[in-house]
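Asker: The following block contains the structure, expressed as structure tokens.
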């Protein structure tokens, strides 16, 4: 019989009048990877933050190996054998990889009154080697790393203390195949050593592939647990949303025909390091999917199409009836009816420290201003319309965006561009890190926008959604397009993969 590493009993967590967790009781076992899943706002991250010591419960108790467990902060939690890899960026900028791995542990490397940097760097190398990483120098500044490699540094830091329980909070959404293999291998290693792993994910296929069991939360309440042999996509979806969810929630039509009218054209786009002579045409009313591995260049292409980055060669042109407009910066793109949903939502798409109202109207200020002043008579109905249209779960439009779940944050990002009436939308991983219910709503919205004559470029690392939503798919590898696929109900992921890797 497996040993209970951690038990949470009748855990409640309130934020003012909002009940994030209500009487949650569950057990996590050694030798098991347990998936924790639910819609945005279901309480997954709240529960994991209570377990890790990031915040205390309002009521309830926790037991670790049968003894009372109440960490006062994450450092205390880690000392007690519980480590967590958070969803958001968790590294400290402007210091070395070594200093990031051992932040707060410098006292273990003292040689007299000074820190022995050489010993510390050697220990950092061993920490990276331990998780199977040999592609970075511990002496390098953390700033030179990609977002993925920064996350790998966080993994090394979390596992250096040999925790008995590891919590992986939606970490894999920020990782490529390489990074995911690293985290999966270490999760399996911990399981094989008799330790416990909790993984929070919106990817049901990932949960079924990696987990031995899954616990489902809905509206802060535990609704059930499934063992490996009971797990299937439909059962998990139905438990998450509380209603029957069919396996197919993409577009049902098989017709990929679109207008011959070209609304956006890129010619011979090249960058110094990635893109090599990219040509692209987006048609009116088209959903153009662009897929590939993370490092294929597709995300850089999206930023160039919107004007955030500039190519060293080539141009991007918005085709207008009166005259063409060359895209060179984001402000011109906004002015001429182009919207952009960034993959990096919290950093590039939202102002986290201000309200939903301010975020939704951010790109529409000229539309609702007169004489340098914003008209509340125009602004408030505009914001409320988007909150209602997108079913954004919030107390009011004056709530801070940072108080929202990931899915509701993403709805705010969409609301910002819908409020502008943009005719062209560049969506970079639009459903990244959102739950199945929000995904379904997003897909319905994207199809609705297509049917209204809007033109959409959807960049995605999820082949299933590209196949399910696109009129046409362009696959990228090493900064070039390798294959074009028209919409086809018989198209499968394995038909595409060979052109990606």
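The values are calculated or read from the model by the stated rules, or taken from the named source; none is laboratory data. Being a predicted model, the structure only gives us computed values, none of them experimental. Here the Cβ is made from the backbone with ideal geometry for all residues, glycine too, and neighbour counts use every protein chain on show.
Asker: Would you be able to tell me the number of residues in the range 419-449 that are in contact with a helix residue (DSSP H, G or I) (Cβ under 9 Å, 6 or more places away or on another chain) and outside any loop (DSSP other than H, G, I, E, B)?
Answerer: Residues flagged as in contact with a helix residue (DSSP H, G or I) (Cβ under 9 Å, 6 or more places away or on another chain) and outside any loop (DSSP other than H, G, I, E, B) within the range 419-449 amount to 19.
Asker: On to the next question. Inspect all residues belonging to the range 93-105 and state whether any of them is surrounded by fewer than 20 Cβ atoms within 10 Å (Cβ to Cβ), more than 26 Å from residue 170 (Cβ to Cβ) and touching a helix residue (DSSP H, G or I) at 6+ places or on another chain (Cβ under 7 Å).
Answerer: no
Asker: Hey, any hits in the range 340-353 for a residue that's within 24 Å of residue 439 (Cβ to Cβ), in contact with a helix residue (DSSP H, G or I) (Cβ under 6 Å, 6 or more places away or on another chain), outside any loop (DSSP other than H, G, I, E, B) and at pLDDT 90 or above?
Answerer: Yes; the residues of the range 340-353 include at least one that is within 24 Å of residue 439 (Cβ to Cβ), in contact with a helix residue (DSSP H, G or I) (Cβ under 6 Å, 6 or more places away or on another chain), outside any loop (DSSP other than H, G, I, E, B) and at pLDDT 90 or above.
Asker: For the structure I just gave you, tell me whether residue 200 is surrounded by 15 or more Cβ atoms within 10 Å (Cβ to Cβ), at pLDDT below 90 and assigned by TED's automatic domain parsing to the domain that holds residue 133.
Answerer: Working: surrounded by 15 or more Cβ atoms within 10 Å (Cβ to Cβ): yes; at pLDDT below 90: no; assigned by TED's automatic domain parsing to the domain that holds residue 133: yes.
No: the conditions fail for residue 200.
Asker: While we're looking at this one, here's another question. Can you tell me which of (1) within 25 Å of residue 465 (Cβ to Cβ); (2) assigned by TED's automatic domain parsing to the domain that holds residue 495; (3) surrounded by 14 or more Cβ atoms within 10 Å (Cβ to Cβ) is the one residue 330 doesn't meet?
Answerer: Going through (1) within 25 Å of residue 465 (Cβ to Cβ); (2) assigned by TED's automatic domain parsing to the domain that holds residue 495; (3) surrounded by 14 or more Cβ atoms within 10 Å (Cβ to Cβ) one by one, residue 330 breaks only (1).
Asker: Given (1) in contact (Cβ under 8 Å) with a residue 12 or more places away in the chain; (2) within 20 Å of residue 90 (Cα to Cα); (3) out of contact with any strand residue (DSSP E or B) (no Cβ under 9 Å at 6 or more places or on another chain); (4) not in a loop (DSSP other than H, G, I, E, B), identify the lone condition not met by residue 133.
Answerer: If we test residue 133 against (1) in contact (Cβ under 8 Å) with a residue 12 or more places away in the chain; (2) within 20 Å of residue 90 (Cα to Cα); (3) out of contact with any strand residue (DSSP E or B) (no Cβ under 9 Å at 6 or more places or on another chain); (4) not in a loop (DSSP other than H, G, I, E, B), just (4) comes out false.
Asker: Within the bounds of the range 125-147, is there any residue that is closer than 23 Å to residue 438 by Cβ, touching a helix residue (DSSP H, G or I) at 6+ places or on another chain (Cβ under 8 Å) and surrounded by 14 or more Cβ atoms within 10 Å (Cβ to Cβ)? Walk me through it before giving the result.
Answerer: To start, the set of residues in the range 125-147 that are closer than 23 Å to residue 438 by Cβ comprises 147.
This time we only want the ones that are touching a helix residue (DSSP H, G or I) at 6+ places or on another chain (Cβ under 8 Å), so: 147.
Adding the requirement that they be surrounded by 14 or more Cβ atoms within 10 Å (Cβ to Cβ) leaves 147.
Yes: one or more hits.
Results for (1) assigned to a helix (DSSP H, G or I); (2) outside the structural domain of residue 15 (by TED's automatic domain parsing); (3) under 13 Å from the mean Cα position of the chain (by Cα), shown as yes or no for each residue.
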residue	(1), (2), (3)
380	yes, yes, no
383	yes, yes, no
388	yes, yes, no
393	no, yes, no
397	no, yes, no
402	yes, yes, no
409	yes, yes, yes
414	yes, yes, no
417	yes, yes, no
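Asker: Report yes if residue 88 is modelled with pLDDT of 85 or more and under 26 Å from residue 164 (Cβ atoms), otherwise no.
Answerer: On the way: modelled with pLDDT of 85 or more: no; under 26 Å from residue 164 (Cβ atoms): yes.
The answer is no for residue 88.
Asker: Any residue at all in the range 174-193 that is in the same structural domain as residue 75 (by TED's automatic domain parsing), on the phi > 0 side of the Ramachandran plot, out of contact with any helix residue (DSSP H, G or I) (no Cβ under 9 Å at 6 or more places or on another chain) and in contact (Cβ under 8 Å) with a residue 12 or more places away in the chain?
Answerer: no
Asker: For the range 311-327, what are the residues that are without any contact (Cβ under 8 Å) to a residue 40 or more places away in the chain, surrounded by fewer than 17 Cβ atoms within 10 Å (Cβ to Cβ) and within 23 Å of residue 272 (Cα to Cα)?
Answerer: Hit for the range 311-327 is 326, nothing else.
Asker: Here is a further query. When you scan the range 265-288, how many residues do you find that are in a strand (DSSP E or B) and farther than 20 Å from residue 319 by Cα? Quick ask: steps written out before the conclusion?
Answerer: Here is the first cut: in the range 265-288, the ones in a strand (DSSP E or B) are 265-270, 278-283, 287-288.
Applying the additional criterion that residues be farther than 20 Å from residue 319 by Cα yields 270.
Number of matching residues: 1.
Let's see how each residue does on (1) touching a helix residue (DSSP H, G or I) at 6+ places or on another chain (Cβ under 8 Å); (2) modelled with pLDDT of 95 or more; (3) not in a helix (DSSP H, G or I):
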residue	(1), (2), (3)
234	no, no, no
238	no, no, no
247	yes, no, yes
251	yes, no, yes
256	no, no, yes
263	no, yes, yes
290	yes, yes, yes
299	no, no, no
310	yes, no, yes
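Here's the yes/no breakdown for (1) in contact with a helix residue (DSSP H, G or I) (Cβ under 7 Å, 6 or more places away or on another chain); (2) at pLDDT 90 or above; (3) over 25 Å from residue 159 (Cα atoms):
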residue	(1), (2), (3)
3	no, yes, no
15	no, no, yes
22	no, yes, yes
30	no, yes, no
44	no, no, no
50	no, yes, no
55	yes, yes, no
68	no, yes, no
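Asker: Taking residue 64 and the conditions (1) on the phi > 0 side of the Ramachandran plot; (2) surrounded by 16 or more Cβ atoms within 10 Å (Cβ to Cβ), which numbered condition does it fall short on, given that it satisfies the others?
Answerer: (1)
Asker: Being in contact (Cβ under 8 Å) with a residue 60 or more places away in the chain and surrounded by 17 or more Cβ atoms within 10 Å (Cβ to Cβ) is the requirement here; does residue 276 meet it?
Answerer: Criteria not met by residue 276.
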